[in-house]
Amino acid sequence: MIPENRPSRLKYFTSGIILENPILILMIGLCPTLATSVTAQDGLGMGIAASFVLICSNFVISLIRKIIPSSIRIPIFIIIISSFVTIIDYVLQAFEPGLYQVLGVFVPLIVVNCIILGRAEAFAYHHGIIDSILDALGKAVGFTLVIVLMGIIREFFSAGTIFGAIVTPAGFRQSPVLFMIFPPGAFLLIGILKSIVNRLNENKGK
Amino acid sequence: MNSKVWMVASLVIICLLSAFALSKVYLVTQPRIEKQKREAVNIALSQVLPQADSFKPVIPDTLWYGLDKNGNKVGIVIKVTPRGYGGTVETLVGLNMEKKVTGIRIASPAEGLHETPGLGLKSRNPDFRNQFKGKTATEIRLKRDGGTIDAISAATITSRAVTEGVRKGIEKYSKYLKP
């Protein structure tokens, strides 16, 4: 914990978007980011689904953090997170079947999104309810922005569309850069994004 | 000692609370999920055979008769499950009484489709599916196999799986088209 004299609470929200972006700075949650950023819409779906669980789990864990024994906090976090994931799965299926068609494949993947466990451990367990929700919102926005950005870039190169809308000439769509669909393309892209962010941070430090 | 007891007790309490919450959510949502699934089947059936007003299951989960308002048979819907690139590709095929395809529908990833996003998954797009409309079994082959269906670029396995599955399904079940 960095000791500070009562920082503005909004900072917890804004830091997640750029300064402590979960993917490009903290380097957590890479697995779902690489796997589900094939198209912009997939990225958005994963972002929304994970964000919801992240906010709920940060809320509940900060609510009960004082009674969780620290030696078994991790199993308790996992129970809480997986319960939320299951609840969302049921509720989406029952009440929003259209949305479930889009998000359904991503819901089970949320359990392994280490942003959620990471924020429970690093933040919600040590902070109050409002701060924890702000932190979750910030990290959720940061995660969603990066995964959608990657989805847009990969979809653009591999299919010539963005959110399904055609943006390139037919010739390009006939033989697109299929490489970007596959895992190596995802690794390459996240490496490029990370190096851009590193460069920006270096320049800022000077 | 006391802290050890609380360690166990807190874990037990959290597990019980979580199980309780999940069972409540399950009880509330399960009937609706079942209903949604039944409705989803009906919607899917009328997508591939829009002429029909109702559907009568003949072979469970495989063959339906499509009936009009007066109960006359206007076509059939069959479900075929050819092997694609990542697993089976569940496909519904609507056929009218002239043995012509009225539409096909490929299951979504949420329904268990495992084709590659951006490649085989494109088989769900109308560009590919609409090629089947109005065609008879003999025309349904990929162009490179001497037929009339354009394969999805870089996704020949999925394209061929769907095409072959649809044709073989028609050949196998078209005898049910007799009135």
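The values are calculated or read from the model by the stated rules, or taken from the named source; none is laboratory data. Not measured: the values here are computed from a predicted model. In this analysis, Cβ positions are derived from the backbone assuming ideal geometry, glycine residues included, and neighbour counts consider all displayed protein chains. Quick note on the areas: whole protein, heavy atoms, side chains included, nothing else; ligands and nucleic acids left out. Shrake-Rupley method; radii C 1.70, N 1.55, O 1.52, S 1.80 Å.
Is at least one residue of the stretch B:12-27 open to solvent by 30 Å² or more (accessible area, probe 1.4 Å) and under 30 Å from B:LEU119 (Cα atoms)? Checked against the condition, which is being open to solvent by 30 Å² or more (accessible area, probe 1.4 Å) and under 30 Å from B:LEU119 (Cα atoms), the stretch B:12-27 yields no hits at all.
Tell me, which residue of the stretch A:164-183 that is surrounded by 10 or more Cβ atoms within 10 Å (Cβ to Cβ) and more than 14 Å from every other protein chain (Cβ to nearest Cβ) is nearest to the chain's Cα centre (by Cα)? Per the criteria, the residue is A:VAL167. Of all residues in the stretch A:172-192, those that are part of a helix (DSSP H, G or I) have Cβ atoms under 8 Å from Cβ atoms of residues that are surrounded by fewer than 15 Cβ atoms within 10 Å (Cβ to Cβ), 6 or more apart or on another chain, in A:ARG173/A:ILE166; A:GLN174/B:SER153; A:GLY185/A:VAL177; A:GLY185/A:PHE179. Of all positions in the stretch A:54-62, none carries a residue that is assigned to a helix (DSSP H, G or I), without any contact (Cβ under 8 Å) to a residue 60 or more places away in the chain and within 9 Å of chain B (Cβ to nearest Cβ). Scan the stretch B:19-38 for residues that are among the basic types (Lys, Arg) and either touching a Phe, Trp or Tyr at 6+ places or on another chain (Cβ under 7 Å) or facing chain A (nearest Cβ under 8 Å) (or both) and the total you get is 1.
Checking B:PHE128, B:PHE132 one by one, the residue that is modelled with pLDDT of 90 or more and buried (at least 23 other Cβ atoms within 10 Å of the Cβ) is B:PHE132 and no other. Selection of the stretch A:102-129 for residues being touching a Phe, Trp or Tyr at 6+ places or on another chain (Cβ under 8 Å), within 17 Å of A:ILE79 (Cβ to Cβ) and open to solvent by 50 Å² or more (accessible area, probe 1.4 Å) yields A:LEU117, A:GLU121. Inside the stretch A:83-101, residues that are over 17 Å from A:ASP42 (Cα atoms), crowded, with 16+ Cβ neighbours inside 10 Å and within 8 Å of chain B (Cβ to nearest Cβ) make up a count of 7. Screening the stretch B:39-70 for residues that are within 11 Å of another protein chain (Cβ to nearest Cβ) and more than 18 Å from B:THR102 (Cα to Cα) and picking the one that is surrounded by the most Cβ atoms within 10 Å (Cβ to Cβ) gives B:ALA40.
The residue of the stretch B:157-179 that is farthest from A:VAL177 (Cα to Cα), among those that are modelled with pLDDT of 90 or more and of a type in the set (Ser, Thr, Tyr), is B:TYR173.
Filtered by the rule that a residue be more than 11 Å from chain A (Cβ to nearest Cβ) and open to solvent by 20 Å² or more (accessible area, probe 1.4 Å), the stretch B:105-125 gives a lone residue, B:ARG105.
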